[in-house]
Amino acid sequence: MRTTPSVLVFDVNETLIDIDSIAPLFGELFGDQKVLREWFGQLVMYSMTITLAERYVDFFTLGQGVLRMLAEAHGVDITDAQVDRLHSHMQTMPAHPDVEAGLVALRDHGFRLVTLTNSPHRPGATTPLEHAGLAGFFERQLSVDACRAFKPSPAVYRYASQSLGVDPADCMMVAAHVWDLLGAQNVGFDTALITRPGNPPLPVDGLPQPTLVASDLRQLAEQLAAGTR
């Protein structure tokens, strides 16, 4: 690590909140809870695709469309009410068990904490972080909606640092996805990979590796605290 970052920028979906909590809905609709991972992988792929194609719809709307697409591919009938249930679940997922304690430790060590998510923020609507009881830890909840491009577009991370009034070198992106960290590294962020189940590092020569790798937020707090001494 070049220097200890002053601002920790957190991804939300899967990094802080548990998307596996909505697996039972996919079990109900498709007869197999593992379709959740197929849906999420397609959702991420199409979010990147529409950014490259210079188009934009919000993440929740895209998620509902991907659900309908998968239903057709699997030969499953799906109702509008079931699609609406997915939208509701996407807004109300719980936090991972380690998150609160990790955020307390990071806050107590003096780090500025913000989030940067693909999920949209609507005026007057409760955010997923608020539903999960985590919003009070963060000084800002930033959404890609503001720049109408999805991560890992470099524009998203530049928007974050500019919104916070700091240089990219002062920031560390914390995420459970290597693809998210690669975008942040491209504009000068340090990075921390949280190895949630199914999200190990990508060992490819020629690609930058995370500055830190931690199994959860409590371990990340320990590593960063050691770096501040």
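The values are calculated or read from the model by the stated rules, or taken from the named source; none is laboratory data. What you see is a predicted model, and the numbers here were worked out from it, not measured in a lab. In this analysis, Cβ positions are derived from the backbone assuming ideal geometry, glycine residues included, and neighbour counts consider all displayed protein chains. Ligands, DNA and RNA are stripped out before the accessible areas are found, and what is left, the full protein with its side chains, is counted by its heavy atoms. Shrake-Rupley method; radii C 1.70, N 1.55, O 1.52, S 1.80 Å.
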Kindly evaluate L67 against the criterion of being in the same structural domain as C147 (by the TED database), at pLDDT 95 or above and part of a helix (DSSP H, G or I). no
Residues that are surrounded by 14 or more Cβ atoms within 10 Å (Cβ to Cβ), in contact with a Pro (Cβ under 6 Å, 6 or more places away or on another chain) and not aromatic (F, W, Y): does region 20-38 have at least one? yes
Pairing a residue in region 1-30 that is closer than 17 Å to Q219 by Cα with any residue that is modelled with pLDDT of 95 or more and among the polar types (S, T, N, Q), where Cβ atoms lie under 6 Å and the two sit 6 or more apart in sequence or on different chains, gives M1/T211; F10/T115
Applying the selection to region 135-154, what residues are open to solvent by less than 50 Å² (accessible area, probe 1.4 Å), of a type in the set (A, V, I, L, M) and more than 14 Å from V114 (Cα to Cα)? A149
Of all residues in region 73-93 being in a loop (DSSP other than H, G, I, E, B) and open to solvent by less than 60 Å² (accessible area, probe 1.4 Å), which is farthest from V9 (Cα to Cα)? V76
